[in-house]
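What follows is a set of notes on a single structure, which appears directly below.
Bear in mind these aren't lab numbers, they're just calculated from the coordinates by the rules spelled out. Model, not experiment: these values are computed from the prediction. Ideal geometry is used to build each Cβ from the backbone, glycine not excepted, and the neighbour counts take in all protein chains shown.
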Amino acid sequence: MLTADPLADWRVADEPFYQPVGDEIAAFEAARAARLPVLVKGPTGCGKTRFVEHMAWRLNLPLVTVACHEDLSAGDLAGRWLLDAQGTRWMDGPLALAARHGALCYLDELMEARADTTVLLHPLADTRRALPLERHGELLRAHPDFQLVVSYNPGYQGLHRELKPSTRQRFVALDFHYPVPEAEAAIVAREGGVDGELAMRLVQLGICTRRLQDDGLDEGASTRMLVHAARLHRAGLALPAAATQAIAAPLSDDPEIAAALHALVRTSC
């Protein structure tokens, strides 16, 4: 009797588009070969998640993704006992599922999770490669194919809490930044379905918003936001309206900063 694939829902069927901007693919493959966990850090919307999706496809690994949030606990990741008509049964959490069966587990924006979550990762992220499931009375040895990847935005450090050295030093790190204008325009053109000239205009607008970070703006426009603007324009909106809806309006509610953003849209689009 064939056993159902426990990771069937997590397999990446089609190649996710990713535009390399450096040697990040080779660096990730080296970490994978050495069975080292990877910390991917960079600003919001710069391609961290798409990169991880691409690498899971490239390495033929199921991808178990967890969007971290302030209520996410260690128990949510490890697993829990459930009660049903047949009695009590143990259900692996996403981290245990990936470790048990050999998937890539991606914890997106780790710093958003509760503090006990990072401690849970320690034995998985060092030479032990094990996950203690205390409630289940099991020490889960990670499958040889298991890969741990976490991401976070250094720009938010200090606003909430910092990643402890005891956690950080267990990972090898890849720094992500926004691509150079030509590469970013190529991404916006492909993902947004617009021509290169219009994509470059949006990229130049994005660069202008990023310069406002020294004047009170938390973060400038991400590559993702530029793609959103391109898609809105392709769907029929005039470019200024698309840029306002996708870039200027979401970035800030502060009246002065919002006015500056709208002025940038008027001059760029």
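In table form, for the structure just shown:
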{"read-out": "Helical segments meeting 18 Å axial Cα length and Kyte-Doolittle -1.0 threshold in the chain (DSSP H)", "value": "196-210, 255-268"}
{"read-out": "Calculated [θ] (222 nm, deg cm²/dmol) that DSSP helices of n ≥ 4 give over the chain, each run adding -39,500 (n - 2.57)", "value": "-11500 deg cm²/dmol"}
{"read-out": "Virtual spin-label span in nm between Arg89 and Gln213, 7 Å along Cα→Cβ", "value": "4.8"}
{"read-out": "Local electrostatic count at Phe51 - Lys and Arg +1, Asp and Glu -1, tallied over other residues with Cβ under 15 Å", "value": "-4"}
{"read-out": "Filtered chymotrypsin sites (Phe, Trp or Tyr not before Pro), the range 1-105: DSSP coil and at most 13 other beta carbons within 10 Å", "value": "Phe17"}
{"read-out": "Average Cα contact separation per residue, the range 1-133, under 8 Å, 6 or more apart, as relative contact order %", "value": "25"}
{"read-out": "Selection from Gly75, Leu36, Ile187, by position along the positive dipole direction of the chain (Cβ)", "value": "Leu36"}
{"read-out": "Where GluC sites (Glu not before Pro) fall in DSSP loop in the range 39-140, at most 12 other Cβ within 10 Å", "value": "Glu70"}
{"read-out": "Glu134/His177 FRET efficiency (R0 35 Å; Cβ-Cβ; nearest 0.05)", "value": "0.30"}
{"read-out": "Cβ-derived FRET efficiency at R0 35 Å, Ala13 paired with Leu237, nearest 0.05", "value": "0.65"}
{"read-out": "Contact order relative to length of the chain, as percent, for alpha carbon pairs under 8 angstrom and 6 or more apart", "value": "19"}
{"read-out": "Between the range 127-189 and the range 9-67, the Cα center-to-center distance that results, in Å", "value": "11"}
